[in-house]
Amino acid sequence: MTIIEILRHESTRRPWWMNVMFAFCVYMTFIYMPFDLFIKPVAEDQEVWFGFMLTGLWAKATAPLHWLIYGALAWGFWKMRPRMHPWAMLYALQVAIGMGVWSLLDPRGPGLVGGLVATAIFLVPVIALWRARHQFSGDKVIS
């Protein structure tokens, strides 16, 4: 089996939008987070947790937690086990709420209306994950 055939088969295990989430988690785990941790200077580092932006040393210190989360999400989307469902949904919900908090608290944020729009947009994957809970069986193949 070639790598293309393996990837094609793997992509049938989840809907297209979940494959996008899976690919994003793989990218964050293997490309962005190693760059963020080992190459990006501390002075430029930023991490956002629940809508609060950390910079510098605090950002660098909490980056391994993001790396762990993205790695766990990538593994969970790959395996599609039932226990993955609530954690992926809860993390997506945390991101949606964080977008709203950041929009209101950070001077670079879009304010109340922009924050509500951003939160609504980021609630779309939360709802999609909630509705897809039956797909997390570990052996489901989507036709």
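Quick look at the numbers
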quantity: Cβ pairs under 7 Å, 6+ apart, first in the range 80-100 and closer than 16 Å to TYR70 by Cβ, second outside any helix (DSSP H, G or I) and modelled with pLDDT under 95; calculated: MET84/PHE136; GLN94/PHE50; GLY98/VAL48; GLY98/PHE50; GLY98/GLY51
quantity: Considering residues of the range 7-46 that are among the charged types (D, E, K, R) and closer than 30 Å to PRO82 by Cβ only, the residue farthest from the chain's Cα centre (by Cα); calculated: ARG8
quantity: Those helices (runs of 4 or more DSSP H) lying entirely in the range 6-89 with at least 3 residues under 28 Å from GLY115 (Cα atoms); calculated: 16-27, 56-79
quantity: Yes/no for PHE35 being of a type in the set (Phe, Trp, Tyr) and surrounded by 16 or more Cβ atoms within 10 Å (Cβ to Cβ); calculated: no
quantity: Qualifying residue in the range 56-65 (condition: under 18 Å from the mean Cα position of the chain (by Cα) and aromatic (Phe, Trp, Tyr)); calculated: no
quantity: LEU90 more than 27 Å from HIS134 (Cα to Cα) and exposed (fewer than 15 other Cβ atoms within 10 Å of the Cβ); calculated: no
quantity: Hits in the range 102-131 - residues which are surrounded by 18 or more Cβ atoms within 10 Å (Cβ to Cβ) and either in contact with a strand residue (DSSP E or B) (Cβ under 7 Å, 6 or more places away or on another chain) or not in a helix (DSSP H, G or I) (or both); calculated: TRP102, GLY109
quantity: Scan of the range 44-78 for residues that are charged (D, E, K, R), surrounded by 13 or more Cβ atoms within 10 Å (Cβ to Cβ) and farther than 28 Å from ALA120 by Cβ, ordered by number; calculated: ASP45, LYS60
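The values are calculated or read from the model by the stated rules, or taken from the named source; none is laboratory data. Source: prediction; values computed, not measured. Cβ sites come from the backbone with ideal geometry, for glycine too, and all protein chains shown count toward neighbours.
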